[in-house]
1. Checking Asp147 against (1) at pLDDT below 65; (2) among the acidic types (Asp, Glu); (3) open to solvent by 80 Å² or more (accessible area, probe 1.4 Å); (4) closer than 30 Å to Asp18 by Cβ, which test does it fail?
2. Can you tell me which residues in region 1-36 are outside any helix (DSSP H, G or I), open to solvent by less than 60 Å² (accessible area, probe 1.4 Å) and closer than 18 Å to Glu68 by Cβ?
3. Name the residues in region 37-69 that are in a loop (DSSP other than H, G, I, E, B), exposed (fewer than 14 other Cβ atoms within 10 Å of the Cβ) and modelled with pLDDT of 85 or more, would you?
4. Which condition breaks for Gly72 when tested against (1) open to solvent by 80 Å² or more (accessible area, probe 1.4 Å); (2) at pLDDT below 85; (3) among the small types (Gly, Ala, Ser)?
Amino acid sequence: MQTPIQFSDLQKFDDSLDQAQAEDMISTAWARAGQAAPCLRDNATELGAADLEIVKDVMRSAILRWAERGSGAVVQRTAGEYGETLARIDDSGNLFRPQEIRDLRSVCGNVRKRGRASTISTIPTPTTVVPTVHPFLTGTEGDYPADAWGL
């Protein structure tokens, strides 16, 4: 599947975006969207119109937020003769918000799945030997192995 968003989709909302910068941001956002929702990486995935619009909206929101905050590396403030330089850390480097990741994954939930992995236990089932005679009451050993009681 190819990225559903183009530069023109972003330009409607922020006309100050540079096309080369926006295309790089789109490429990065698409790679991260594919990491969050693996079905988007599959070329055979065909999304319905509503699901495609959700993916477009999530990507557009994330890219516009990214463009607005810039690098977020340094903030300088001055007041009279005093000044300070602060390092800003926004969103701890995450492009998508948790709800946006859930939205992308829900789109993948609507895609028909080919099959699922399953697990088959290869551990043998424990066998217990039930004694027919209780050795403490009768004084006989009965017909069970000597190690059945762990003695």
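1. Of (1) at pLDDT below 65; (2) among the acidic types (Asp, Glu); (3) open to solvent by 80 Å² or more (accessible area, probe 1.4 Å); (4) closer than 30 Å to Asp18 by Cβ, only one is false for Asp147: (4).
2. If we filter region 1-36 for residues that are outside any helix (DSSP H, G or I), which is where we start, we get 1-6, 12-18.
Then drop every residue that is not open to solvent by less than 60 Å² (accessible area, probe 1.4 Å), which leaves 1, 3-5, 14, 17.
Answer for region 1-36, where residues must be outside any helix (DSSP H, G or I), open to solvent by less than 60 Å² (accessible area, probe 1.4 Å) and closer than 18 Å to Glu68 by Cβ: Ile5, Asp14, Leu17.
3. Of all residues in region 37-69, those in a loop (DSSP other than H, G, I, E, B) come to 37, 42-48.
From the residues that got through so far, the ones that are exposed (fewer than 14 other Cβ atoms within 10 Å of the Cβ) too are 42-44, 46, 48.
Gly48, the sole residue that qualifies.
4. The failed condition is (1).
The values are calculated or read from the model by the stated rules, or taken from the named source; none is laboratory data. These numbers come from a predicted model, not from an experiment. As a convention, Cβ positions derive from the backbone with ideal geometry for all residues, glycine included, and neighbour counts pool all protein chains shown. Remember, those area values only see protein heavy atoms, side chains included, never the ligands or the DNA or RNA. Shrake-Rupley method; radii C 1.70, N 1.55, O 1.52, S 1.80 Å.
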